[in-house]
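A short worksheet on the structure shown next.
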Amino acid sequence: MIELQQKIMDMKKQPLKVMDEEGVKHEVTLEEVCSQALLTEYPEEKNSMQEKDKRYRIWLKILDKDEVSLKAEEITLIKTQIAKRYPPLVCGQACALLEGEDPFAIKDEE
């Protein structure tokens with residue numbers, strides 16, 4: 001299970017905070033990062049209705065959830081969209097959390 005309410009951290013390993021529409025700061029969660037990534041469409045994207053529907057249905061699975069179980073292909077799609085939308089600090093953490101890994105652990109590359 002993926003814990004969606006995990007916090008995304010800033011460069012000082014403190015919870016990353018952003019302003020919402022009302023100007024109130026809140027801590028960014030994995031759920032928010034995934035939701036924003038899935039629902040953002042870029043001008044250069046020419047997605048079919050099927051692709052848009054797939055992203056929407058995955059978003060519905062994570063909406064307001066504390067935990068979710070996702071298929072490997074759904075995780076791959078979310079990670080692809082996160083990479084398009086977010087800088088490395090957020091992208092790296094979110095991808096690690098989606099894979100059940102410690103986002104601050106250093107993995108040896110082979």
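The values are calculated or read from the model by the stated rules, or taken from the named source; none is laboratory data. Keep in mind the model is a prediction, meaning the values are calculated, not measured. Neighbour counts run over all protein chains shown; Cβ positions are idealised from the backbone, glycine included.
Name the one entry in Lys65, Lys13, Lys25 that is surrounded by 12 or more Cβ atoms within 10 Å (Cβ to Cβ) and among the basic types (Lys, Arg).
Lys65
Would you point out which residue out of Lys61, Lys52, Lys46 is assigned to a helix (DSSP H, G or I) and at pLDDT below 95?
Exactly one residue qualifies, and that residue is Lys52.
Identify the residue in region 14-39 that is at pLDDT 95 or above and either in a loop (DSSP other than H, G, I, E, B) or farther than 20 Å from Pro87 by Cα (or both) and, among all such residues, is farthest from the chain's Cα centre (by Cα).
Restricting to residues being at pLDDT 95 or above and either in a loop (DSSP other than H, G, I, E, B) or farther than 20 Å from Pro87 by Cα (or both), the top hit is Gln14.
Since Gly100 meets every condition but one in (1) part of a helix (DSSP H, G or I); (2) in contact (Cβ under 8 Å) with a residue 12 or more places away in the chain; (3) of a type outside the set (Phe, Trp, Tyr); (4) surrounded by fewer than 16 Cβ atoms within 10 Å (Cβ to Cβ), which condition does it not meet?
(1)
For Leu89, indicate whether it is out of contact with any helix residue (DSSP H, G or I) (no Cβ under 7 Å at 6 or more places or on another chain) and more than 17 Å from Gln6 (Cβ to Cβ).
It is false that Leu89 is out of contact with any helix residue (DSSP H, G or I) (no Cβ under 7 Å at 6 or more places or on another chain) and more than 17 Å from Gln6 (Cβ to Cβ).
How about region 69-90: which of its residues are in contact (Cβ under 8 Å) with a residue 24 or more places away in the chain, closer than 18 Å to Pro103 by Cβ and outside any helix (DSSP H, G or I)?
Answer for region 69-90, where residues must be in contact (Cβ under 8 Å) with a residue 24 or more places away in the chain, closer than 18 Å to Pro103 by Cβ and outside any helix (DSSP H, G or I): Leu70, Tyr86.
Restricting attention to region 28-75, which residues are of a type in the set (Phe, Trp, Tyr) and closer than 20 Å to Glu3 by Cβ?
Result: Trp59, single match.
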